[in-house]
1. How about the range 51-65: which of its residues are more than 13 Å from L134 (Cα to Cα) and either open to solvent by less than 70 Å² (accessible area, probe 1.4 Å) or part of a helix (DSSP H, G or I) (or both)?
2. Just checking, which of Q155, Q150 is at pLDDT 80 or above, open to solvent by 70 Å² or more (accessible area, probe 1.4 Å) and either outside any helix (DSSP H, G or I) or more than 29 Å from D37 (Cα to Cα) (or both)?
3. Does K72 fit the bill of being under 25 Å from M136 (Cα atoms) and open to solvent by 40 Å² or more (accessible area, probe 1.4 Å)?
4. What is the residue count in the range 15-49 for residues that are of a type outside the set (A, V, I, L, M, F, W, C), open to solvent by 90 Å² or more (accessible area, probe 1.4 Å) and part of a helix (DSSP H, G or I)?
5. For the list (1) in a helix (DSSP H, G or I); (2) farther than 18 Å from E16 by Cβ, I need the number of the one condition that M136 fails.
6. Just need a number here: residues in the range 34-64 that are within 20 Å of H118 (Cβ to Cβ) and without any contact (Cβ under 8 Å) to a residue 12 or more places away in the chain.
7. I'd like the residue in the range 116-133 that is open to solvent by 30 Å² or more (accessible area, probe 1.4 Å) and assigned to a helix (DSSP H, G or I) and, out of all such residues, is nearest to V63 (Cα to Cα).
Amino acid sequence: MDQETFRETVFVFRDEMYRFAKRFLLSTDEAQDVVQDQMMKFWQMKDRLQQYTNLRAFVLKCVKNECLNRLKHQEVRMNFASSEYDRKDYCTSEINNLKEQIIGFIDKLPEKQRMVMHLKDVEEYNVDEISDILAMETNAVRVNLMRARQKVKEQISQLMNYENRTL
């Protein structure tokens with residue numbers, strides 16, 4: 001595989017890789033590092049990439065694994081934990097932007113639910129592709145997606161009820 005073929009096959013996934021890594025790590029710098037490291041690894045194995053039938057799924061699976069490895073390190077884990085905020089804090093938060101609050105709700109979801117929701121609703125993958133990427137059964141993907149959406153819906157309802165109350 002030459003440089004031009006690499007650009008046309010692997011490099012086109014760069015933005016998706018970044019968004020997926022950022023959803024995991026919640027850090028722009030860490031996500032950029034993951035993408036850069038993975039691109040270097042893919043370049044080193046460029047001759048073996050043609051054996052994968054679904055290159056997009058393989059690339060995102062590698063990003064997922066790298067993100068999980070980074071989350072295992074103590075410093076990143078502590079930054080990850082400190083970046084999440086309590087469920088009660090959203091009521092007193094000065095954030096008036098509903099989009100940012102919804103992203104905060106999604107970020108508080110359990111890891112599998114957050115990944116499934118991101119891949120389905122943001123990246124617009126179908127259930128079978130998500131199943132391949134996350135190495136989960138398709139029914140498990142559907143269940144996690146349903147639960148994630150339900151939790152976010154409940155939190156939005158609570159937020160709306162809170163904002164509609166009069167003092």
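The values are calculated or read from the model by the stated rules, or taken from the named source; none is laboratory data. These figures come from a predicted structure and were not determined experimentally. All Cβ positions, glycine included, derive from the backbone under ideal geometry; neighbour counts span all protein chains shown. To get the accessible areas, we keep the full protein, side chains included, count just its heavy atoms, and leave off ligands, DNA and RNA. Shrake-Rupley method; radii C 1.70, N 1.55, O 1.52, S 1.80 Å.
1. If the condition is that a residue be more than 13 Å from L134 (Cα to Cα) and either open to solvent by less than 70 Å² (accessible area, probe 1.4 Å) or part of a helix (DSSP H, G or I) (or both), then Q51, N54, L55 are the ones that fit.
2. Q150
3. So K72 passes the test.
4. Selection size over the range 15-49: 6.
5. (1)
6. So the count comes out to 1.
7. Of everything passing the filter in the range 116-133, D132 is nearest to V63 (Cα to Cα).
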